[in-house]
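Since every read-out is calculated from the coordinates, none of them should be taken as a lab result. Just so we're clear, the structure is a prediction, and the values are computed from it rather than from any experiment. Cβ coordinates were reconstructed from backbone atoms using ideal geometry, including for glycine residues, and neighbour counts include every protein chain displayed.
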Amino acid sequence: MTAERLGIPAIGVMTERFASAAELMARVLGFPGYGFATIAHPISSATDAELRAMAAAVIVRVPALLIHYRQSSIT
């Protein structure tokens, strides 16, 4: 969210276990509807290949998340 305050489009990526905390933090910091993507929890036991697969699944959603948030924050 620091990047967004500087005018740099950004999203967060976290495990699904932290999604509700991220939504709350975004609202508290003045960014309701802030775009973020979730991946499976936990990641500490994931192999390199599993982490790459998670990253590949998330990266395809990034443009839509950025566009959605930027459009909703303008209106």
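Results, tabulated for the structure shown:
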quantity: Potential extension, Ala64-Met1 segment - 0.36 nm per residue separation minus Cα distance; calculated: 21.0 nm
quantity: Translational diffusion coefficient (Stokes-Einstein; Kirkwood radius from C-alpha pairs) of the range 2-74 at 37 °C, 0.692 mPa s, in µm²/s; calculated: 250
quantity: Residue order, fewest to most beta carbons within 10 Å, for Leu65, Leu51; calculated: Leu51, Leu65
quantity: Taking the chain and dividing mean pair separation by its residue count, relative contact order in percent (alpha carbons under 8 Å, at least six apart); calculated: 33
